[in-house]
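Take a look at the structure below.
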Amino acid sequence: MGRLNLLRLAALASLLNFIKAIPAGHKTFDYVVIGGGTAGLVVATRLSEDPGTTVAVIEAGPHHVNEPLVDTPELFSRALGNPAFDWRFVTTPQVNLDNAILPQPRGKMLGGSSGLNFIVWDRASQREYDAWEQLGATGWNWNSLLPYFKKSETVAPQLQADIFPQTSQPSEANFDAFHGRAGPVQPSYNVIYSNVTIPYVDAINSIGVPTNSDPYTGNATGVYNTEVAIDRVKNIGKRSYAASTYFNMSSDRPNLTVFLSTQATKINFDLGDSLGQMRASSVDVVAVNSTGTTGRIFARKEVILSGGAFGTPHLLELSGECIGNPEILREAGIQTLIDLPAVGENLQDHPSFTQDFEVKNTLFTYDLLRNNVTFNASQEAEYAESGTGLLANVQFVLTFSPLKDLISSQLLSTVQDDATKLINAPGTSPLARRQHRITRDFLTADDVANVEFIMFPGGGRTRVAPAPGSAYITVYTCLMHPFSRGSVHVNTSDPLASPQIDPSYLDNDIDRQLALQGVKLARTITQTEPLNALVVSDHSPGANVTTDADWIEFTKGFLTTTYHPIGTAAMLPRELGGVVDPLTLKVHGTDNLRVVDASLMPMLIATHPQSTVYAIAERASDIIRGRIFGY
Ligand SMILES: Cc1cc2nc3c(=O)[nH]c(=O)nc-3n(C[C@H](O)[C@H](O)[C@H](O)COP(=O)(O)OP(=O)(O)OC[C@H]3O[C@@H](n4cnc5c(N)ncnc54)[C@H](O)[C@@H]3O)c2cc1C
């Protein structure tokens, strides 16, 4: 029996301890949390700190204990599309991408997408969080979130602070001001770096993007050495995610019950205490297995919905006599209880384009694992023995750049004019109009990135297979503040059917123009010294892509998600298109149904969102526990 299977067998034994059957008859808890994902486990852990409070978590997926596809950092992305880990959602045909239907993976397991993601642990700039409040999310800004970023993490010290050219080591005091030292998640820095890293950073510096020594301080632009959610202290070399951290802290509490492989299908309501308000009283569930057993779990105090940016609006709309847009619900055969047309709207995501470049095969890249059987075996043995080596690393080099520094002023003013036209277009909603004004200002800000370049030292990530014996670097170009707005909605009253997800990628001239400039810049980086001297060829999409028309075809044909959907239950005033009251996080029109997850974020931020989701959930827990004065 192989190593992976032995590990899995041990995992199965411990898993049996957690599984709770769907309750027969009445089972009542003070709080019922729907979705044991990134945010849901934070909330459940914090609420159950009070031994007198009972908390239930309803999670559609299993708990993967000692599962290499979750725990081993270097195996990131291998669980995508696997139903044991991934909801495997897809988009509707994307009209601006020749009707392509694209995957939209989401974690379906205890820990949710924090167990499926690519482990990057970073933050956006202060100005972007402050924009949430400017937009109408009262109380949500950089200063109010900073203590919660710190509360969620224990950052391991950076062992090679000078690995990036032009970097200086922050003082201890400065580091402590912005990084947590006692929180559950255990982010760290990589310990092994490819020798393509320094030439790559030098090339980025040469095109005008400086190195940022500490991007966690409120200015997240520049090229930098990112933290990754890899534990190097306790579970050495393993992914540090919501199930291995928050849930591990709370799993033995008698007042916390987790229903695994159990899907919530409907939230039931009574008339609330306040006039005209609804009160969530129970949740209907079904076992995600061949029995299909159904049941009902009752909430004495509150229901907290943490189903993620797709799961949360979907369940709101499904929730019977329901919450959402009456027209959409009528078509799906669902009667409307609370008229809240913003549910499922305002979907925003970072589109991404992947290119790879062959580099000299004498360089140290992840391709060595593929090309050299002996090296691969030695790395597997080292990882099994001590949790170290290349398998304990996910070495991305992140560059967040204000595009104004990289494009001509003439092009910048064309993009600004296009933004103004979109703001004034009759079809633009009042919420999008406000958001676009802020995003237009971001185009000329020094401290907000419009584009991200992610460099991974290794190949095999594009549609063109890597050649045996060759080495590559992969560069992902991602748009940070796209102007497109999509939606996620039910299309049938069947609760087990997937929602209709339409990110509406590249539906405007600005996004198309920024995508074009971004992918051309990715190639420019590789043609800049000292990196250029190491590049052998443009592997994908290939050197025959030269004209703007070619590049536009590439952006249409090769767009993927960066896996960062947000905004579909935005915390904003109801009249502006909000679903959730920012002060209480209660769904408008309800007394006791709160939302806590990525769907709350009213506007995209130039970062990978997981650490922000943890911070939101930590602050939300304090709101629910009445610890934030005034709420
Ligand atoms: C492939 C991928 C790569 C990513 N890479 C990164 C990265 O490198 N860095 C980063 O910062 N971010 C990354 N992200 C994004 C980040 O992981 C998410 O933004 C974040 O985890 C979302 O947290 P959440 O609590 O909103 O949702 P989730 O963590 O997805 O939690 C939702 C939970 O609810 C459950 N659920 C949903 N509906 C129901 C229902 N009806 N009944 C019961 N349970 C239900 C789900 O199974 C899931 O466990 C990535 C995401 C993915 C998918």
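In this simple spin-label approximation, Arg78 and Asn143 carry label points 7 Å from Cα along the Cα→Cβ vector, and these lie 4.7 nm apart. Among Thr590, Thr54, sorting on how many other beta-carbon atoms sit within 10 Å of each Cβ, with the fewest leading, yields Thr54, Thr590. Where in the range 465-484 does the label zone of Asn544 land, with the point 7 angstrom along Cα→C-beta and an amide N cut-off under 14 Å? Answer for this model: none. Here the 3J(HN,Hα) profile of the range 229-241, calculated from phi with Karplus coefficients 6.51, -1.76 and 1.60 at θ = phi - 60°, is 7, 10, 7, 10, 10, 9, 8, 4, x, 9, 4, 9, 9 Hz, Gly and Pro shown as x.
Looking at the chain, the DSSP beta bridges with both ends there are about 70 percent antiparallel. Here the Karplus curve 6.51 cos²θ - 1.76 cosθ + 1.60, taken at θ = phi - 60°, turns the phi angles of the range 154-164 into couplings of 10, 8, 6, x, 7, 7, 10, 4, 9, 5, 8 Hz, with x standing for Gly and Pro. Scanning residues 5 or more positions from Thr211 or on other chains, those with amide H under 5 Å from its amide H are Val223, with H placed 1.01 Å from N in the peptide plane. Between Ala465 and Glu327, the simple label model (points 7 Å from Cα in the Cβ direction) yields a spacing of 4.8 nm. For the cross-link pairs Lys421/Lys586; Lys108/Lys238; Lys360/Lys404, the ones whose C-alpha atoms lie over 24 Å apart are Lys421/Lys586; Lys360/Lys404. Full extension of the chain between Leu516 and Ile207 yields a length gain of 109.5 nm, computed as 0.36 nm times the residue separation minus the alpha carbon distance. Counting neighbouring Cβ atoms within 10 Å and putting the fewest first, the residues Tyr129, Tyr148 line up as Tyr148, Tyr129.
If we count other beta carbons within 10 Å of each Cβ, what is the order of Tyr224, Tyr505, Tyr246, fewest first?
Numbers: Tyr224 22, Tyr505 26, Tyr246 29.
Final ranking by Cβ density, sparse to dense: Tyr224, Tyr505, Tyr246.
You can think of it this way: the chain between Ser409 and Leu271 has 43.9 nm of extra reach, that is 0.36 nm per residue less the Cα-Cα gap.
From helices alone, the chain scores -8500 deg cm²/dmol at 222 nm; the rule is -39500 (n - 2.57) for each run of n ≥ 4 DSSP H residues, then divide by the residue total.
What full-extension length gain, to one decimal in nm, is calculated for Met249 and Ser537 as 0.36 nm per residue of separation minus the Cα-Cα distance? Don't skip to the answer; put the middle values down first.
On the way: separation 288, 0.36 × 288 = 103.68 nm, distance 4.93 nm.
Stretched fully, the Met249-Ser537 segment lengthens by 98.8 nm.
Calculate the FRET efficiency for Ile192 and Lys234 from the Cβ-Cβ distance with a Förster distance of 22 Å, rounded to the nearest 0.05. Efficiency, from the Cβ-Cβ distance: 0.65.
Mind giving me the FRET efficiency for Ser168 and Asn99? R0 is 60 Å, r the Cβ-Cβ distance, nearest 0.05 is fine.
Efficiency, rounded to the nearest 0.05: 0.75.
Model label points for Asp441 and Thr294, set 7 angstrom from Cα along the Cα-to-Cβ axis, are 5.0 nm apart.
Values quoted throughout were computed directly from the atomic coordinates according to the rules given, and no laboratory measurement underlies them. Because the structure is predicted, anything quoted here is derived from the model rather than measured. Positions of Cβ are generated from backbone atoms using ideal geometry, with glycine treated the same way; all protein chains shown enter the neighbour counts.
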